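Structure first, commentary second.
The values are calculated or read from the model by the stated rules, or taken from the named source; none is laboratory data. The structure displayed is predicted, hence computed values, not measured ones. A quick note on method: Cβ atoms are made from the backbone with ideal geometry, for glycine too, and the neighbour counts reach across all protein chains shown.
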């Protein structure tokens, strides 16, 4: 197959779960198929490049910041530039199938138009459904309503949709009114071999708590920082290590300083090496994801694969609920509650038998999400979609 993948962020920019997913799947598909990725050209990256047989086409240079420093939200300009450049430069002729990352939405109608014109199947990957969140994000019911309408129209334009979790699939069917038969679930994955190599010889620090991920509002990292006040009352040796950049980086550093926790909290910006992130995860005694909005939570699977027990929060329609089963593959606690997170951490520390039972179940659970298996399922769906043409 000749496959076109459309994603505004791609290798080597692997800061979020979506970018990581496309890279891991694309390089595996490229072992058997002709894979082309069309993306923005960030910074000084090469315009054309072949990496692990994946042909990368960076169609437009873009050097500005992805996030607005004042609001912490993604800026709309990259989405506009990407959409217009795709309209001008993306030639779909010769491709068997086109897969498009739904975010940041604006480019999808252009790709659908080109795919439809040349009778090429158009597949969307949806990591999360925004739905009512549009009204909060766009700060108003009217603008939010437009966002909801656009999201629904784009979803219904696809020949097939790949959702990253069962919860996202439910939202696509219920909120975006897409027929059930047009939606498949293919989860995010874990590189089990790389994880095994990366964490070899790493010793667990019994007092370390770890968070890894983007530093954006819905991740609620500030709640985890505040939880340290409660944790330290029971364990003065406790230390929190945070890995990840984003618009809230400086704000979170200031919060740690305000709470007089600078010596108890280490905050890294993005680390270039994925293996280094895995090593930090493996060195922790607990991994915490306080996020209230996740399509799945790929970082939880990664933590489970490193045999680090996890804590997530209960929040309606969060993909975390598909990954963590309370007291089985992890612990679930109340959302937006520093005290509840602290209690979850102390539950692990005070109950070593429960901790070991959860580690065993969680690591076994994570093994089924090997990227090789995920890629095989994507390939199967492509063939299924093509067979219906």
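Exactly one condition in (1) outside the structural domain of residue 317 (by TED's automatic domain parsing); (2) in contact with a strand residue (DSSP E or B) (Cβ under 7 Å, 6 or more places away or on another chain); (3) surrounded by fewer than 20 Cβ atoms within 10 Å (Cβ to Cβ) is not met by residue 179; state its number.
(2)
Out of (1) under 23 Å from residue 125 (Cβ atoms); (2) surrounded by fewer than 17 Cβ atoms within 10 Å (Cβ to Cβ), what's the single condition that is false for residue 357?
Every condition holds for residue 357 apart from (1).
Considering only residues of the stretch 182-191 that are touching a residue at least 60 places away in the same chain (Cβ under 8 Å) and buried (at least 19 other Cβ atoms within 10 Å of the Cβ), which is farthest from residue 164 (Cα to Cα)?
Among them, the one singled out is 191.
Working carefully through the options 274, 348, find the one that is over 23 Å from residue 170 (Cα atoms), touching a strand residue (DSSP E or B) at 6+ places or on another chain (Cβ under 9 Å) and in the same structural domain as residue 206 (by TED's automatic domain parsing).
Unique residue meeting the criteria: 348.
Assuming residue 115 fulfils every condition listed in (1) crowded, with 17+ Cβ neighbours inside 10 Å; (2) at negative phi; (3) at pLDDT below 95 apart from one, which condition is it?
Residue 115 satisfies all of (1) crowded, with 17+ Cβ neighbours inside 10 Å; (2) at negative phi; (3) at pLDDT below 95 except (3).
Show me the strands (runs of 3 or more DSSP E) entirely contained within the stretch 1-91 in which 3 or more residues are modelled with pLDDT under 95.
Output list reads 34-42, 54-62.
Each row is one residue, and each column tells you yes or no for (1) in contact (Cβ under 8 Å) with a residue 60 or more places away in the chain; (2) surrounded by fewer than 16 Cβ atoms within 10 Å (Cβ to Cβ); (3) under 24 Å from residue 376 (Cβ atoms); (4) touching a strand residue (DSSP E or B) at 6+ places or on another chain (Cβ under 9 Å).
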| position | (1), (2), (3), (4) |
| --- | --- |
| 40 | no, no, no, yes |
| 62 | no, no, no, yes |
| 68 | yes, yes, no, yes |
| 75 | no, yes, no, yes |
| 79 | yes, no, no, no |
| 93 | no, yes, no, no |
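Which numbered condition trips up residue 133, out of (1) over 22 Å from the mean Cα position of the chain (by Cα); (2) touching a residue at least 24 places away in the same chain (Cβ under 8 Å)?
Among (1) over 22 Å from the mean Cα position of the chain (by Cα); (2) touching a residue at least 24 places away in the same chain (Cβ under 8 Å), the lone unmet condition for residue 133 is (1).
I'd like to check something: does the stretch 122-136 contain any residue that is assigned to a helix (DSSP H, G or I), out of contact with any helix residue (DSSP H, G or I) (no Cβ under 7 Å at 6 or more places or on another chain) and closer than 30 Å to residue 254 by Cα?
yes
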